[in-house]
Amino acid sequence: MAIMEKLGGLVRNVNALGSRSGMVSWKIKIHDEDFTKILGPYVNGITVKRRLFPAKKSESSFPYEATIEIISNSYVEHTFTEGCSIKIYLGYSSMLTEKDLVFKGEMITYPSGEAKEMLRYTIKAYGAGDAGMFLTEKNKTFLGKTKSMIVKEIMANYPDYESTVEIKKDVVISGKYSPGQEGETDFVLLGNMAKKWGCVCWFEFPNKFYFVDAAKAHDYNTPYKLGYRTDQAECNVESVNWKHNPSRAAESFNPGSKGLGEGGDSTDPDSYKIDAYGHTWTLKEMFAKTLDKNNPNFGEFARIYGSVASKLTVNWQGYIALKLFYRKMSDDPTGARASDSDDSGWEIRVKLNDGDPGAIPPFNAELYYESINPKANHSDLPYFIHFYSGAKLPYIQLKVNETVLTYKNGKLDSEFICSISRFA
């Protein structure tokens, strides 16, 4: 009987973890030495965040971020020291290999913590490819070169990395718009250029780097199929959370608000350029003419347009105001202002039933939530989310920009942080 109970418990455990294997395993290397056995009794939890950069809505700008929670009766001296390199492996196999590497980075600060009955402290480590990329500040200019030439020249400092650069408008940047390094790291410079040129960057283990147009970034990997209380896909989603923070088009009609000129931010009301939904927009010609400050009716037109835009925005229809008054600037000669993956004001968080260490952004995700069988117990998510994604699609189309992988109490959890691209 006792044997059958143990077998039954094992079967439940396997089902809970999916079809991979029975148990979650982890491994931590410090300075490439395996410290798993030493740290085993004290590790209370591990969290690994992997994201695109530049990260518009994230607390940290680093592509990799790891948190290790330790509970012990004393500090592990000479182990977790400032500048030490850390590798973390997570998976469903008892024999973890390099394919299970989920984090590689360095501690750049000492751990924070508290001491009561036991010591509790949190180790934070950050990664962005080669350590020199985000630690060494440089001064350099890149005059007379195309965008891709600049990126490749920077990445030539890191010969171990295989770089993929895909920029739609790959032109020579002249004059004052040419980027330069003034006491910046290569990592900061790459992020700033990506933001200005409408691109995103990411690293892929073990040695790949990507710098590509934001609109194409999520197509580099196979779409991820998600199912939430549905019979159209495997039900692998535990919960879905959403938050909407749309651009307020009405503000663009306020002459005192910031616009966007070729040289960057501007308070000149004639520019009337705004950064919304991940793109730069300018007034349609018919409206721009009436809002010329030399027009004697300038104030009245601005008031009327602003009133219409305000009413639409207050009613959560800011995108209608934007499409009514503005056109997307697809040929901005300076490439000023970024088109990133947060391009509709939506943030969707999807938590999986089981953690997936292999889900590394960027990738598209297809979220199914309805039932084909009308009698089935299913869930209808709000239609307005589906509408933003594309009403004719049989699923909600998501762009996964960040994944959070958490190990706690023997269980592995995954959360996808996504955006929707209505205007992409």
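The values are calculated or read from the model by the stated rules, or taken from the named source; none is laboratory data. No experiment lies behind these values; they were computed from the predicted model shown. Cβ sites come from the backbone with ideal geometry, for glycine too, and all protein chains shown count toward neighbours. The accessibility values were calculated without ligands, DNA or RNA, using every heavy atom of the protein model including side chains. Shrake-Rupley method; radii C 1.70, N 1.55, O 1.52, S 1.80 Å.
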Filtered residue count, the range 343-381, keeping only those that are modelled with pLDDT under 85, open to solvent by 30 Å² or more (accessible area, probe 1.4 Å) and not small (Gly, Ala, Ser): 8
query: Residues in the range 196-213 that are within 16 Å of the chain's Cα centre (by Cα) and buried (at least 19 other Cβ atoms within 10 Å of the Cβ): how many?
result: 10
query: Which of (1) open to solvent by less than 50 Å² (accessible area, probe 1.4 Å); (2) part of a loop (DSSP other than H, G, I, E, B); (3) under 24 Å from Glu65 (Cα atoms) does Ala233 not meet, given it meets every other one?
result: (3)
- prompt: Among the residues of the range 78-91 satisfying the criterion of being open to solvent by 20 Å² or more (accessible area, probe 1.4 Å) and either touching a strand residue (DSSP E or B) at 6+ places or on another chain (Cβ under 7 Å) or closer than 22 Å to Asn409 by Cα (or both), which is modelled with the highest pLDDT?
  reply: Lys87
message: I'd like to check something: does the range 180-191 contain any residue that is among the aliphatic types (A, V, I, L, M) and exposed (fewer than 13 other Cβ atoms within 10 Å of the Cβ)?
response: no
message: For the structure I just gave you, tell me whether Lys140 is under 24 Å from Thr406 (Cβ atoms), open to solvent by 50 Å² or more (accessible area, probe 1.4 Å), of a type in the set (D, E, K, R) and in a strand (DSSP E or B).
response: no
field: Gly129 vs. criteria at pLDDT below 85, buried (at least 16 other Cβ atoms within 10 Å of the Cβ) and of a type outside the set (A, V, I, L, M, F, W, C)
entry: yes
